[in-house]
Amino acid sequence: MTISDTTVKPQSQSRGSLLLMLSRYGTFLAFLALIVFNIIVTPNFLSWQTLNVNLTQVATIVIVATGMTLVIATGGIDLSVGSLMAISGAVAPMIFMGTLFPINSPALAVALAFTIPILIAMGLGWFNGFLVTRFAIQPIVATLVLFIAGRGIAQVITNGNLQVFKNDIFQFIAMGRVAGIPTQVALMLVIAALAFCLIRFTVIGRQIIAVGGNEKAARLTGIPVRHVKTVVYVISGGLAGLAGLIVVARNSASDANLVGMGMELDAIAAVAVGGSLLTGGRANIIGTLLGALVIQLVRYTLLANGVPDAAALIVKAALIIIAVFIQQRADKS
Amino acid sequence: DVPKLKQKDKYKVGFAQTESNNPWRIAQTNSMKETAEKLGYQLVYTDAAGSAAKQVADVNSMIAQGVDLIFLAPREEKPLIPAVMAAKKAGIPVILLDRSVDPKLAKAGEDYLTFIGSDFIKEGQRVAEWLVKNANGKTKIIELEGTTGASPANDRKKGFDEAIKAAGGFEIVASQSGDFARDKGRQVAEALLQAHPDADIVYAHNDEMAIGAISAIEAAGKVPGKDILVLSIDGGKEAVGLVVDGKIGAVVECNPRFGPKAFETMARYAKGEKIEPKLINDDKFYDSSNAKAELAGAY
Amino acid sequence: MLLSMQGISKSFSGVAALRSSSLEIAEGEIMALVGQNGAGKSTLIKILTGAYHRDEGSIRFNGRDIAFASPAESQAAGIATIYQEINLAPQRSVAENIYLSREPRRYGFLDRRSMREGAQRVLKAFKLDIDVERPVASFSAATRQMVSIARAVTQNATLLIMDEPTSSLDEREVAVLFDTIRTLQGNGVAVCFIGHRLDELYAICDRVTIMRDGQTVAVSTMEDMPKVELVRHMLGRELAAFAAISRDGPEGPERPVRLDLAAVGSGVRVRDVSLSVRQGEISGLAGLLGSGRTETARIIFGVDKLERGSIRFEGSERLYSEPANAIADGIGLVSEDRKVDGIVPDMSIRENMTLALLPKLKKSGIVDRARQDAIVERFIKSLGVKCASSDQPIKELSGGNQQKVLLARWLCTDPKVLIVDEPTRGIDIGAKAEILKLLRGLADEGLSVLMISSELEELLAAADRVTVLSDGMSVAELPRQKLSEANLLTAMAHQVN
Amino acid sequence: MLSAIFKPLAPKSSGDLARVGVVVALFALIVFGALRYDNFLSPFNILTFLRYNSMFALIALGMAFVIMTGGIDLSVGAVAALASVVSALLSPYHWIAGLGGGIVAGLAVGLLNGLVITKMRIQPFIATLAAMLAAYGTALLLADNQSVSVSYDTGFTMIGQDDFLGFPIPAWIAVAAYVVGWVFLERRAFGRHVLAIGDGEVTAALMGLKVERTLLAVYGGSGLLAGLAGVILAAQFGAGQPTEGVGWELFAIASVVVGGTLLTGGSGSVGATLAGALLLGMVFNVLNFENGLGWISLSAYWQSVIRGLFLLVVVVLQARLTGRGEKAPARG
Ligand SMILES: Nc1ncnc2c1ncn2[C@@H]1O[C@H](COP(=O)(O)OP(=O)(O)OP(=O)(O)O)[C@@H](O)[C@H]1O
Ligand SMILES: Nc1ncnc2c1ncn2[C@@H]1O[C@H](COP(=O)(O)OP(=O)(O)OP(=O)(O)O)[C@@H](O)[C@H]1O
Ligand SMILES: [Mg+2]
Ligand SMILES: [Mg+2]
């Protein structure tokens, strides 16, 4: 049935190459600019080892920031990620070293060392979600609880002591290589890709965005708002747990006091530099990936060029502002 | 003058720790707690979580609770002066541990009883002296600093840098903060080694960063101890073990076991003995010559 | 001329919303501004007040060329504006909202008393006696609209702009508003009145400016512009007669009841509502503002808790604790306040439209994009949604077109019962008739519709029976044979005092 | 006749209940401490408590206004550190130079925040996060990575260490700031504008408010108060401290939230913010006293667990009190 004569203009979206799509992101411009700058200025920048160093260092940030992107998409925020990293990082060695309970088979021990900490982190993520959905506590405060208490829990578990270990199977997650790619980098790419698909193609992905865009409307269309919100906190918790495992595996040591310290700010900054609004309703995983890379490159650039730490802070601040500004400009045009 | 301390069987003493986010601090706290427990004293323990201001507030709450004596591990030289003065005013003697306060503003034997600890500048110097003798032609140094603004970081840098400069022939190609942390130390070392492939010495302000640097060196395909000489301060068991393995060249001890000496000093004071204004720990020095033998004794 | 806007053009990300449009208003005149949804009326107004910046064109106001950088400036220059979506600070009190940005002060401090008393006085003129210290959010859409009108009217402006001020008002309140407008006119204030209800325009306006597709297509005095002519200008074609909704199919009460409410109550707003919605029928729900119609709909849909009475769906008793449960039974709700309860502003038209349908669009969790696109394109076409593409964020659509998308959101789920709360609010006259026809058509195919409307005309034209609510109670059920304006009004008024 | 129809639904304001809650909690904690510990209510403890916590009260006040606009200011701790360094460096000239320098430094960063947020349209979280980094960097540079001694000769230290009428001067300053803050929020149009912006920036602009100017003032004010806190920091501890202030922003945010202010903006109370700041400070004080009892020697770790649990209890109770929990996503 034709109702009125208003014309519907044809779809004018051209799906170009990957590069074309990337160039839509201003973050990508900032990223390119940094690369060019480094090629000119930084000694020995163009080498595989540089790539390797940067990718392995950025992996944990990307993994955590991916979860953070989902949380932020629902209009929330997760301050507890660093503490959850500490907890999972504290528990894992206790399992495969048998401090917690004796396990005979080393293979089983390592398998449990991977699963239990992540499950615990997911459980704590669920707790965050529970506070947010059940009591309608604002996310920043709800997760502040575990931000404060979580690290304390990790420290209590380990009594603050450093756990030093050597376990090649467990440490494969950080030291190993899959098809020539460092395991943590491979994990990072897989997780980012999965999250991208989740947001783009799945029902729950669309629901996440809708909840962040207008919660009331989402509920009125039958979206299980509480469930959706809980899910993102569980995912964020789980990814933080995984990142915690990578960090301790990389260092052959677990230090509950420091694992994941300040990670929440890095992750949030990556999300913001990547162009997702902190008010929710958007999730830009590619942007987050690029945002994390930008932040990592800024850090590398300052280190490699011997900028004193105090000055580096100022430069980093300026670069974050500039990157976000460029990205906003580019998104508008 | 410093308030007097009555002789008693059991004391209620305060211990104001600055933070407990690294193994060294934790070892120090444990040592204090264990000794107090052994003596049967009641220990009022506070943790300032890295804030000088909170540490002053902690000391004030100890004063309010009427402790007999305060052990203070001051976070910083200057901002802790008010805490020392407040305790003095309240008639409570203070013993400083491991870091001191500004000597221009407060004096040992007058405002506080004494200082027990190491000399951070000296630690840096000792590392430098060893290096000058054992460099074997290596000259290019990467320095991993402690937390920016922290006094051990400043002093360990000062002592080392000045001694190295005086010796001549060395070059510090990069000096960046690794926050006294293993992970951060490793990441910074990774970047610096990449930017300065010619560097052949790494001087880290503590064990944790040195260990981080070793894994960065290995990841870069070099051999620690051979291609790159690693130097460190603190001398924990793990680091001494690495000296045995040859991965760390030398490490200066900075012993965190303050308990026995601290409480012993307190007892001496209660008995009326005169206390020296400075009690410097005699810290060990580990290198390949003695590491194996001393390993068991390292904290 | 008090105001003269000439050659105004504006495009949003390359899509033209206004193309060299114009608007002229003389001192003390009441100008109607009409046009289809998306014609550009609101955009033109926002350009005038400085909320948007024009791409081209000139504006003269009070004899000077102007370019307001912000609404604050236009307000200071003597233009008071009521924007289309009620724009008030929801958590602030009524009094604060009325005086926001021009608070009465004494010695530099807020004069709360004169704020309170002033607000009470103004609202009394609108026959509104409410606690002005309460947050605006605690009042119904109608009250909020009255507050924003009061706010604008008291600004002592020389030009008062009203973008669909009556869209959620009932007739008595409209009458009050018109009295006010006439008084203002007597004081020399010019008014620009945007609306879709033609009778209102003819009742109050002196002249009319008609817009179509971003252009001004006609300007005339009201007398010289007969209704048919006006509509023809607006639509660019003839309008199918409004009342010509066919009602085929079997008549009478023998049709099975789908949804049955017996003595339903919740809180104080809904006290005792009984009604039934039959298969293949449009049931109207009439009542004065605040009579509890919206709340009743919310109870049925599981948004608010059912505290008393019972709801039966297809014969079996139901207790929906979440909208999801109601939706599972095939119930849909197009809510009254599309900005708050309806649209997800940043999401595309496609996503907004298929939000409720999503669970059915999935193949092992993944959205079936091809089917989604097909459905979206079909509804964009059949409802005549004016948009650049289905990828466009819904917030960029004009109010009426947003409403169409929301209607499509439920139609595409193929519901058994569709509750529509003021379904034609902000919809232009052309589309309105079409939407009613569409609902009728769907009803004939078996859909049950519960239609809440404040427009009697609409109920009379479309409904098979009408339940009348008054003060949270159902006071009458009028079958179609008894449906007449007089009967409805008597029933609505009956129990009020 | 219409009066019956327009009877409003909701209870007066759920925020009020939360505000009562925080005062009750504060009172309960004080009573608990007084009964359980000796000397808890001794003048010494009360006065040192107030002297120290006045800094946090000041930054919480600035944060409260920022949060009421729907924003956030992560830079307050770093700004206080920067201001403490600046005022320490200037203190040898005159105590007024020290005071003024710290305040101006804080105000400058605050205004910069405001400009970045309004002119570059960068989200407050990011803008102030960057300001936090920059302020720490500047503080470290100015101080050459060390604490800077203040001058004891110009009377600068009195700002932090002296009493007036038997009450610590920092506490007087905080009280004065809260009175001014209260007047601005409740008795001046400014407060109404702040809240309206928090309700919705676009709407506020359409209603003719000068949104940018108000935001500039709010962030400037937050910076100024953080600067004042920095001056007190320098004066009270005799040194400008470039590494101090870490985590203060979270403390301030928690104070504001515990005070019943929603982070989404549009509502808030000055008095409850003060109560919130005192309540959180009191938790630390109580934990210190608890340690002194020797019942359980709480390690720092258990302390953070307990602080987290305490925050949890307060916010959950608040949610219960205001009845937000049960019908969570339904409305408002
Ligand atoms: N912010 C915006 N971004 C993009 N496009 C917009 C924006 N605002 C309006 N438009 C477009 O401009 C056109 C005119 O919209 P406008 O709101 O002025 O219509 P209107 O005449 O007021 O319609 P209605 O009667 O439905 O309110 C529409 O096609 C709309 O999609
Ligand atoms: N979402 C809401 N939040 C708070 N109060 C509400 C809400 N919706 C409705 N109300 C209140 O309930 C009263 C009943 O209004 P309701 O909307 O049910 O009546 P109505 O007949 O549908 O009128 P209207 O045409 O204004 O929608 C209103 O006066 C309003 O104060
Ligand atoms: Mg419009
Ligand atoms: Mg209604």
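The values are calculated or read from the model by the stated rules, or taken from the named source; none is laboratory data. This one's a predicted model, so the numbers in the text were calculated from it and none came from an experiment. No Cβ is skipped: glycine too gets one built from the backbone with ideal geometry, and neighbour counts run over all protein chains shown. What goes into the accessible areas is simple: the full protein's heavy atoms, side chains included, and nothing from ligands, DNA or RNA. Shrake-Rupley method; radii C 1.70, N 1.55, O 1.52, S 1.80 Å.
For this structure, a couple of remarks:
- Taken along its principal axes, the alpha carbon cloud of region B:10-115 reaches lengths of 35, 31, 22 Å, longest axis first.
- Other protein chain Cβ atoms within 10 Å, averaged over every residue that makes up A:275-286: 2
- DSSP bridge orientation in region C:3-235 - percent antiparallel, rounded to nearest 5: 55
- Shielded by partner chains, region D:21-49 residues - at least 10 Å² of accessible area, 1.4 Å probe, vs chain alone: D:N39, D:F44, D:N45, D:T48
- Over the Cα atoms of chain D, the radius of gyration divided by the Kirkwood radius equals 1.00; this is the Rg/Rh ratio.
- Ordering of D:305-313, B:17-25 by burial proxy (mean other Cβ atoms within 10 Å per residue, highest first): B:17-25, D:305-313
- Binning the C-alpha pair distances of region D:139-252 at 10 Å intervals from 0 yields a P(r) profile of 12, 31, 29, 20, 8, 0 %, listed from the shortest bin outward.
- Hydrodynamic estimate: the Kirkwood radius of region C:3-235 over Cα pairs, inserted into Stokes-Einstein at 37 °C and 0.692 mPa s, corresponds to D of 180 µm²/s.
- Largest GNM mean-square fluctuation across B:K226, B:K78, B:K133, computed for chain B with C-alpha springs under 10 Å, falls on B:K133.
- Apportionment of accessible area to carbon and sulfur, region C:3-235, percent (1.4 Å): 46
- Helix-only arithmetic for chain D: the sum of -39500 (n - 2.57) across DSSP H runs with n ≥ 4, divided by the residue total, places the mean residue ellipticity at 222 nm at -23000 deg cm²/dmol.
- Kirkwood-type hydrodynamic radius, region C:25-79: 12.2 Å, calculated from all non-identical alpha-carbon pairs.
- Computed over region B:122-211, the quotient of the alpha carbon radius of gyration and 2.2 N^0.38 Å is 0.99.
- Globularity index of chain B is 1.05 (Cα radius of gyration / 2.2 N^0.38 Å, N = number of residues).
- Chain pair D, A: total accessible area buried, heavy atoms, 1.4 Å probe, Å²: 4000
- Based on C-alpha pairs under 8 angstrom that are at least 6 apart in sequence, chain B has a relative contact order of 17 percent.
- Solvent-accessible surface ranking, highest first, for B:H205, D:H193 at 1.4 angstrom: D:H193, B:H205
- Inter-chain neighbour count for C:42-52: the average number of beta-carbon atoms from partner chains within 10 Å of each residue's beta-carbon is 1.
- The portion of the accessible surface of region C:257-492 made up by carbon and sulfur, rounded to a whole percent, is 50 (1.4 Å probe; DNA, RNA and ligands excluded).
- C:T294 accessible area, assembled protein chains, probe 1.4 Å, Å²: 40
- Heavy-atom accessible surface of region A:31-132: percent carbon and sulfur, 1.4 Å: 79
- Scaled radius of gyration (Cα, divided by 2.2 N^0.38 Å) that region C:257-492 gives: 0.99
- Both numbers refer to the Cα atoms of region D:92-171; Rg and Dmax are 16.2, 47 Å.
- Once the gyration tensor of the Cα atoms in region A:178-232 is diagonalised, the equivalent ellipsoid follows with semi-axes of 31, 9, 7 Å, ordered largest first.
- Chains C and A, summed buried accessible surface - 1.4 Å probe, Å², nearest 100: 3300
- Ranked by how many other beta carbons lie within 10 Å on average, peptides C:450-460, D:145-155 from highest: C:450-460, D:145-155
- When restricted to Cα atoms, chain A yields an Rg and a Dmax of 21.1, 76 Å, respectively.
- Per residue, the solvent-accessible area of the protein assembly as shown (1.4 Å probe, heavy atoms of protein chains only, all protein chains present) comes to 36 Å².
- Low-density loop positions, GluC sites (Glu not before Pro), region C:378-447 - DSSP coil, at most 12 other Cβ in 10 Å: C:E445
- Ratio of Rg to Rh over chain C (Cα coordinates, Kirkwood Rh, two decimals): 0.97
- Only helical runs count toward this figure. For chain C, summing -39,500 (n - 2.57) over DSSP H runs of n ≥ 4 and dividing by all residues gives -9500 deg cm²/dmol at 222 nm.
- For region D:61-105, the Rg and Dmax computed from alpha carbons only, in angstrom: 12.9, 40
- Convex hull of Cα atoms in the protein assembly as shown, direction-averaged projection (nm²): 55.9
- Dipole in debye (nearest 20) - chain D, about Cα centre, beta carbon charges: Lys, Arg +1; Asp, Glu -1: 1180
- Relative contact order of region D:107-243, defined on C-alpha pairs under 8 angstrom at six or more residues apart (%): 47
- Peptide-level mean, for A:205-214, of C-beta atoms on other protein chains within 10 Å: 6
- Pairing chains D and C buries close to 3400 square angstrom of accessible surface in total, based on protein heavy atoms and a 1.4 angstrom probe.
- Rel. contact order, % - alpha carbon contacts under 8 angstrom, at least six apart, chain D: 33
- Residue-level accessible surface for A:T99, protein heavy atoms, 1.4 Å, Å²: 90
- Solvent-accessible area lost in complex, 50 Å² minimum, residues of region D:264-291 relative to chain alone, 1.4 Å: D:N288
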